[in-house]
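Asks: Let me give you the structure first, and then I'll get to my questions.
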Amino acid sequence: MDIDAAFNAIRSDMAAGHTSEVGPKVMAIADETTDSFTLIKCMSLLKVVNDGTTMTLLLKKIMENLGDDTQGRIEIAGALRGLDYPMQAYDILKDMEQTDSIIRMSALCLTDLEEYEMALDLTNKISNPTVGDRIMLAEIQSALGEHAMAINTATELLAGFPKEYEVMRCYVSTLILGGRDKDAMKYARMVLKDKTADANAIAAYVMRVLGNVKAAGGYATRAVQMDNKHIGAMETLGICLAQKGEYNKARIVAGAINEASPGNKAALNVISYCDDGN
């Protein structure tokens, strides 16, 4: 079997809205391999069409064929976390040597599992924190109700990385969770002066979280027009479509996210809104 051609055919079917045969076609690919990353690609496609039964079969096959390569196991754990299997991802990592990479991924898994105290403890053990680690710290602080601390963490990050989308999004998120909606809106209006994809994506995110779905969709669409692989903008656009009841379009956006960044949790987030609405 030409696996690449088979994947392309499935993606074409999904883009055209022909999802009924995705499960059997994906299983035909999975039956040909024990390679974890190929199986994860299969699971990513199944997630978009909401075929949980087949995903469970492939998950079992992955867990039985992990191998001993440290980096490979970390990447597999990250992909499974992105597919909403944080417990299985954490199980892969927990008995491995606790390097920064493994501690980081374990903390992310614990955050997904809402084990925030454990996640905070792990985050504090990272010896060389990255920007992403500090974003995670702010998110954990917000989840624990330490809003002033979270805003302070995010503000310090923003001072050092004022143009990075994930940092900007972390900042407005901590403001909103801390009850400072007006400050988040003021910041979104300020960054819009830059007229960039990131600026429009931030405005879209703030508008969507604060309930203005129409405005959020407009800003998200503009951001995607500027950068057709902007994951944050696509995530907001997909959620807005789902909130308007346009579930098929939202799933197509989730598929586009998965195509641009396989296993990205943004696709899962969009799909969750489709599932909640159906």
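The values are calculated or read from the model by the stated rules, or taken from the named source; none is laboratory data. What you see is a predicted model, and the numbers here were worked out from it, not measured in a lab. Glycine gets a Cβ as well: all are built from the backbone with ideal geometry, and neighbour counts include every protein chain shown. Protein only, heavy atoms only, side chains kept; ligands, DNA and RNA dropped before computing areas. Shrake-Rupley method; radii C 1.70, N 1.55, O 1.52, S 1.80 Å.
Asks: Can you give the net charge of the other residues whose Cβ lies under 15 Å from the Cβ of Ala204, counting K and R as +1 and D and E as -1?
Replies: +2
Asks: Which whole-number percent gives the relative contact order of the chain, counting Cα pairs below 8 Å spaced six or more residues apart?
Replies: Relative contact order, the chain: 13 percent.
Asks: If you don't mind, there's one more thing I want to ask. Kindly report the accessible area of segment 1-108 per residue (heavy atoms of protein chains, probe 1.4 Å, no ligands, DNA or RNA), in Å².
Replies: 48 Å²
Asks: If you average 1/r over every pair of different alpha-carbon atoms in segment 22-84 and take one over that average, what Kirkwood value in Å do you get?
Replies: The answer is 11.6 Å.
Asks: Using the beta-carbon distance between Lys182 and Lys125 and R0 = 35 Å, what value does 1/(1 + (r/R0)^6) give for FRET efficiency, to the nearest 0.05?
Replies: 0.45
Asks: Grab every C-alpha pair in segment 9-154, bin the distances at 5 angstrom width from 0 up to the longest one, and report whole percents.
Replies: The percentages, shortest bin first, are 2, 10, 18, 17, 15, 12, 11, 8, 6, 2, 0.
Asks: Rounded to the nearest 500, what is the 222 nm mean residue ellipticity of the chain from helices alone, with -39500 (n - 2.57) per DSSP H run of 4+ residues and division by all residues?
Replies: Only helices count here, giving -23000 deg cm²/dmol.
Asks: Taking a quarter of the surface of the Cα convex hull of segment 121-229, what do you get in nm²?
Replies: Spelled out: convex hull of the Cα atoms, projected over all directions, averaged, 7.1 nm².
Asks: While we're on this one: Share of the chain's accessible area from carbon and sulfur, percent, 1.4 Å?
Replies: Percent of accessible area from carbon and sulfur atoms in the chain: 49.
Asks: A further question on this structure: Using only Cα atoms, what Kirkwood radius does segment 169-278 have, in angstroms?
Replies: 13.6 Å
Asks: Then there's this: Compute the length gained on full extension between Asp4 and Glu156: take 0.36 nm times their separation in residues and subtract their Cα-Cα distance, giving the result in nm to one decimal.
Replies: Value of the extension gain: 50.3 nm.
Asks: Using the beta-carbon distance between Asn212 and His147 and R0 = 25 Å, what value does 1/(1 + (r/R0)^6) give for FRET efficiency, to the nearest 0.05?
Replies: Calculated value: 0.65.
Asks: Using 0.36 nm per residue, how much length does the chain from Met226 to Asp31 gain when fully extended, once their Cα-Cα distance is taken away?
Replies: Extra length available between Met226 and Asp31 comes to 66.2 nm.
Asks: Another question about this same structure. Which value in Å does the Kirkwood hydrodynamic radius of segment 85-130 take, with 1/r averaged over all unlike C-alpha pairs and then inverted?
Replies: In segment 85-130 this quantity evaluates to 10.3 Å.
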